[in-house]
Amino acid sequence: MYHGRTTSKGPSTSTQIYQQPPRLLIVHISLPSWADICSHLCEALQNFFSLACSLMGPSRMSLFSLYMVQNQHECILPFVQVKGNFARLHTCISELRMLPREGCFRPRGISLQLAVEDGLQQFKQYSRHVATGSSLTYTSLEITVLTSQPGKEVVKQLESGLKDIDLVQVRRLQVVEITKGALECMDSASPIEEPSNEESSFLGTDIELQTIDNDVISMEIFFKAWLHNSGTDQEHVHLLLPSQSFSNISRARDNPMCLKCDLQERLLSPSLLPGTADGSLKMDDPKGDFSTLYQMASQSSASYYKLRVIKALKSSGICESVTYGLPFILRPTSCWQLDWDELETNQQHFHALCHSLLKREWLLLAKGEPLSRGQRLREAATTFYVIIPSHSLTLLVKAVATRELMLPNAFPLLPENPPDDSLKIVEGVLDSLELEPTYNPLQVWSHLYSHLSSTFAKPQGRLHPSWDSRALRKPGQLQTSRVRATVAPLPMTTAPSRAPKMPAASKASAEAFFQLSEEEEEEEEDPSGP
């Protein structure tokens, strides 16, 4: 995924470790492509939101809205809080499943532009309403256009249509083209060449271009990237290596080489999910766990967490049993506050470090340092980490045990020759196993999604009132009274040649849009239904 320089939208806050900017997803898929994409997209969204709504702790996502662009633009879901709203998100996904999959119409040229404008207007209206009652923790919006059209054509269409629109509140605008190719690599969704800054600089924001395959896993991985702390207001960690001047130890400590890094989770902790087998272990609670470093590194806006390298280790010189906690990934920072020369130099040094460690077959042993001297009111326990290189531009970091944590264990030497009878039996059992060259976690599933979805499920007596009429709707016909928007959209003027724009909400007063109707509340509270 492209990590470009973005415009600053305010000071960094402690909630940014988890809470990402509000997101507007625009599904721009025409018929007949929708028939091939619908089931994969809906399943991926269902799986993703079952996770996002279940994660304990601070919310990693704030607001979410969904638009559909076929022959016209249509608001499927106005802006809602993600955490605690799985039922409403599930209803939204069900609405997508019910959209017609047959027909031959294509979106009008301005439909996508109108969806972006309408979604941005709703966000501005929502922001003004929330700001009157409390401090607003988010001031910018990320917009993702999921399209079946050629991505470069969509980018040009957006550049042309939005050139006169104020996009100062758009933190990121991304076009994601869904390709028809089969899933070749289940590791990640692979980006393609993005337009240069010059091509879209007049918009005030870069339009990023990416492709993903038309399968559930690729889409799921794409959505899960929304759970990452992808803020670029500051780097997360300073990796300090000894100075080249080893003749003076104090000087080496005072003037170390500093690599500025961003921190990224490798996987979600099971302890953050309710009802999982590891849910009672609370792996993120111990003070020595690396997740503490992740929280401290991301929450501090005044200083940076420091990892000071103290020695090198042979790659074969550490036992896996003395590492603990969840692994994290270090990568060169993409902080926008650094100038381009510093960013480039930092990345080159990071690259050289990874290359040299692989060549020498070394690991690094580092210790964490407190955020500031003011926190050293008493002697703080030090946490040590092992830093492992890879063939990508990343370093894997794992917490490693110290003397105080070790328990005695007996490790008797393995006898050279086991009994022949036992050897034949065990080798026969092993020969019957299917041998895989590597472990691919994307090919192993634990039914976690269905388990999480079932925890939110509740009996419903009848479908959403609009579903019956939607089933009878002809392809291309838009229902005008279905959407219950959270806010009233601002009036928008269109050129005389444009067709009338579909309103994102009914013409009720603005106050009515900030609460559910009494009828909807009764439907949610009454599990038996009429």
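For Met56, the accessible surface of its heavy atoms amounts to roughly 80 Å² (probe 1.4 Å, protein chains only, rounded to the nearest 10).
Legend: residue pairs Lys260/Lys306; Lys124/Lys156; Lys83/Lys398; Lys83/Lys180; Lys314/Lys359; Lys311/Lys398, Cα-Cα distance threshold 21 Å; pairs beyond threshold, Lys124/Lys156; Lys83/Lys398; Lys83/Lys180.
Extension gain for Leu413-Thr455 works out to 10.3 nm (0.36 nm per residue, less the C-alpha to C-alpha distance).
Rounded to the nearest percent, how much of the accessible area of the range 330-457 (1.4 Å probe, protein heavy atoms only) is carbon and sulfur?
Details: 5670 of 9930 Å².
Taking all protein chains in place, the range 330-457 shows 57 percent carbon and sulfur surface.
Calculated accessible area for the range 325-455 comes out at 76 Å² per residue, all protein chains present (probe 1.4 Å; ligands, DNA, RNA ignored). Take the alpha carbon gyration tensor of the range 20-174, find the square roots of its eigenvalues, order them as a ≥ b ≥ c, and report rounded if a/c is under 1.5; if not, report prolate when a/b exceeds b/c, else oblate. Here the range 20-174 falls in the oblate category. Which net charge results when you count Lys and Arg as +1 and Asp and Glu as -1 among the other residues whose beta-carbon is under 10 Å from that of Pro22? Summing Lys and Arg as +1 and Asp and Glu as -1 gives +1. So which GluC sites (Glu not before Pro) in the range 318-423 end up in coil per DSSP with only 14 or fewer other C-beta atoms within 10 Å? Sites meeting the loop and neighbour criteria: Glu361, Glu379, Glu416. Count Lys and Arg as plus one, Asp and Glu as minus one, and take only other residues whose Cβ is under 12 Å from that of Leu259; the net charge is then +1.
The values are calculated or read from the model by the stated rules, or taken from the named source; none is laboratory data. Note that the structure is a prediction, hence the values are computed from the model and not measured. Counting neighbours? That spans all protein chains shown, and the Cβs are built from the backbone with ideal geometry, glycine included. All accessible areas refer to the heavy atoms of the entire protein, side chains included, with ligands and DNA or RNA removed. Shrake-Rupley method; radii C 1.70, N 1.55, O 1.52, S 1.80 Å.
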